[in-house]
Amino acid sequence: MTNQTSSKSNSVQVSHLRCIGCSTVFEKAQQNFRCASCNDLLEIVYPDWNTSDATRLDAAKLRALWRQRRTSGLPADESGVWRFRELLPSFDEKDVISLREGNTPLYEMPGCARIAGLPQLYAKHQGMNPTGSFKDTGMTVAASVARRGGFRWVACASTGNTSASMAAYAARSEMRSLVLIPEGKVSWGKLSQALDYGAVTCQLKTDFDGCMRVLNEVVQRMPVYLLNSVNPYRLEGQKTAAIELMEQLGWQPPDHIIVPGGNLGNSSALGKAFIEMRQLELISRLPKVSIIQAAGANPLVRTMRENGGKELISVQAETAASAIRIGNPASWKKAVRVLQATGGTVEEVSEVEIALAKAEIGADGIGCEPASAVTLAGLKKLVKQGFVKPGERVILILTGHLLKDPEFTLKFHRGDLLTGTASEKEVSILRPQQRAPIVLDATVDAVVQTLKKADDKLEA
Ligand code: F0G
């Protein structure tokens, strides 16, 4: 796809689809977003950024333009994605479907910093997007491409968040949406979103990887537009979290970015953003982007450790962090490239470590869904290993809102989250964080006694 910008940027943008394997350039993607020659994934590239200084975007002008747009009331400027449209494929503003996504907070996490052994720690909370996850930043771009292309139907396979986001953006633009999710493995919060936003929701008797296999066949047969993260327009939108983060940090890159890994689209997108921002001299150096997976869903960790990222080792995935219960990640090659380009690492964390870290993030008054908590759990390990040093600046990327999976949280506090699992014998380390609801007689005395007891406990 090649098109001219309609925005008031200081340069004309041209973008191409290019295969990450054989570098063939395409005008238009196939239905499955794979290279017609070698079947690898596609990425969006901006050829002008490599040519001469004359056509390059000017970093100082871009920063000023983006800052100025924060006071604008135009829909595209109010979106935390489209505000950075000079680093996205060009769009006519009338084609943009936006829920004012992005604009997410960067929180200081003092309790988590102490626990991890760092003087300071920050979390960029992508769960504060309109549908409660980072998916919205990519969905606004890819859904807009679908509408511009005249598609009536969009579709995805999902562990829940992609489907919630896709269904919302489709509903906003009068497109129909088809959702394939693994039966019994998607949290109720996410499932109920897809239903309310009007998606045709199919619970398949398989896992996420099985849903993906089925959908890849469906899109070959039917004129539906695929909105999984193999769609490179999704990743372009997801890049903007990194751009917004750098703006929040005054364009001073941190030392480390820690991100959860599932299908590996998000880590690929964030890494691409940092690489492009350095190319455009918006930042002077790259942060190390490290990817954390659940030990029960660790294909990238195994791939890096066992063959240095040459060949994907798929696994049969199992974790209570259902968002990242993925054994055959589509974007693994892109993620390996990011690890290699930024000097980041991979780590895996156990079910107990995830549960504990999630409660610790909650105790800082922030909260997140289980998949996001792998970041803190992984960081603790990276500090112990010396990969993250005490004086270094670290940003955790929290990907989903606490309320996405309330069942996990309730089970955690009631003490039965890991009952009947292999982790059952380790649960004693979770007790200090557990706060089960207390059932009392409806009397003042009962409440006062409980308050006193809790206060004594706090002082002890
Ligand atoms: N965190 C959350 C909350 C997610 O929903 C996902 C992925 C990830 C992390 C991992 O991101 O796949 O880009 O590496 N959820 C997808 C879905 C797969 O269908 O909602 P990734």
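Out of every Cα-Cα pair that region 367-460 contains, those further apart than 15 angstrom amount to 75 percent. Surface exposure of region 336-434, expressed per residue as accessible area with a 1.4 Å probe, stands at 40 Å².
In this label model, residue 307 and residue 70 are separated by 4.6 nm, measuring between points 7 Å along each Cα→Cβ vector. Straight-line reach from residue 272: taking Cα to Cα under 20 Å and skipping same-chain neighbours fewer than 8 places apart, the lysines in range are 124, 135, 239, 288, 310, 333, 334. Between the beta carbons of residue 38 and residue 221, assuming R0 = 22 Å, the FRET efficiency works out to 0.45 to the nearest 0.05. Computed extension length for residue 340-residue 389: 15.7 nm, one decimal, from 0.36 nm per residue of separation with the Cα-Cα distance subtracted. The charge dipole of region 160-258, taken about its Cα centre with unit charges on the Cβ atoms of Lys, Arg (+1), Asp and Glu (-1) only, comes to about 360 debye. What a 1.4 Å probe finds exposed on the chain is 52% carbon and sulfur by accessible area, rounded to a whole percent. Over the residues of the chain, the helix contribution to mean residue ellipticity at 222 nm works out to -12000 deg cm²/dmol, using -39500 (n - 2.57) for each DSSP H run of at least 4.
About the centre of its Cα atoms, region 242-310 shows a dipole size close to 360 debye [charges on the beta carbon of Lys, Arg (+1) and Asp, Glu (-1) only; nearest 20 debye]. For region 341-410, the convex hull drawn through the C-alpha positions has a volume of 101 cubic angstrom per residue.
Projected label points at residue 26 and residue 447, each 7 Å from Cα along the beta carbon direction, are separated by 6.2 nanometres. With every protein chain kept in place and ligands, DNA and RNA left out, what is the accessible area per residue of region 220-264? Probe 1.4 Å, answer in Å². Ligands and nucleic acids excluded, the result is 23 Å² per residue. With Cα atoms defining each centre, region 88-139 and region 420-447 are spaced 32 Å apart in the structure. In this rough spin-label picture, where each label sits 7 Å from Cα along the Cβ direction, the residue 421-residue 94 distance is 5.1 nm. Beyond 27 Å, how much of the Cα-Cα pair distribution for the chain remains, as a whole percent? In whole percent, the share of Cα-Cα pairs in the chain beyond 27 Å is 53. Length gained on full extension, residue 248 to residue 429, computed as 0.36 nm times the residue gap minus the Cα-Cα distance: 61.6 nm. Partners of residue 28 within straight-line reach, counting aspartates and glutamates whose Cα lies under 20 Å from its Cα and excluding those fewer than 8 residues away in the same chain: 40, 43, 48, 92, 95, 217, 236.
The values are calculated or read from the model by the stated rules, or taken from the named source; none is laboratory data. Note that the structure is predicted; figures quoted are calculated from it, not measured. Because the Cβ atoms are built from the backbone with ideal geometry, glycine has one as well, and the counts that use them run over all protein chains shown. Quick note on the areas: whole protein, heavy atoms, side chains included, nothing else; ligands and nucleic acids left out. Shrake-Rupley method; radii C 1.70, N 1.55, O 1.52, S 1.80 Å.
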